[in-house]
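Notes to accompany the following structure.
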Amino acid sequence: MPYSDYPHGSIAARGEEIYYHRLREKVESKHKGKFLTIDIETGAYEIDADEVASSMRLLERHPEAVLYCVRIGFPAAHRIGFKISDRYND
């Protein structure tokens, strides 16, 4: 199913629902900081330290997958910018 068939925000909502209700407890203690990519239609998923690798493996198994990606144990997969303390505390 093409991504355009989904209303705005529904892919993220479905992905978050699957992650928080089915997968979080199962994966968080072993895989914190890695990327988890979910097919929101089947619930299939892949985990990897590399976001693209987890997505590509999932697409190999499910070529028509509608993907949602989360960084395990973090509120967002990526961060934009930096804090002053990040830059000067090497």
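Tabulated data
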{"read-out": "Order of ASP39, ASP48 - criterion: other Cβ atoms within 10 Å of each residue's Cβ, fewest first", "value": "ASP48, ASP39"}
{"read-out": "VAL66, VAL52 arranged by Cβ crowding within 10 Å, fewest neighbours leading", "value": "VAL52, VAL66"}
{"read-out": "Ratio Rg/Rh [Cα only; Rh per Kirkwood] for region 3-50", "value": "1.00"}
{"read-out": "Relative contact order %, region 3-76, counting alpha carbon pairs below 8 Å whose residues are six or more apart", "value": "34"}
{"read-out": "Net dipole in debye of region 3-76 [+1 Lys, Arg Cβ; -1 Asp, Glu Cβ; about Cα centre; nearest 20]", "value": "360"}
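Where a number appears in this text, it was derived from the coordinates with a stated rule and is not lab data. None of the values given here were measured: they were computed from a predicted structure. Note that each Cβ is placed from the backbone with ideal geometry, even for glycine, and that neighbours are counted across all protein chains shown.
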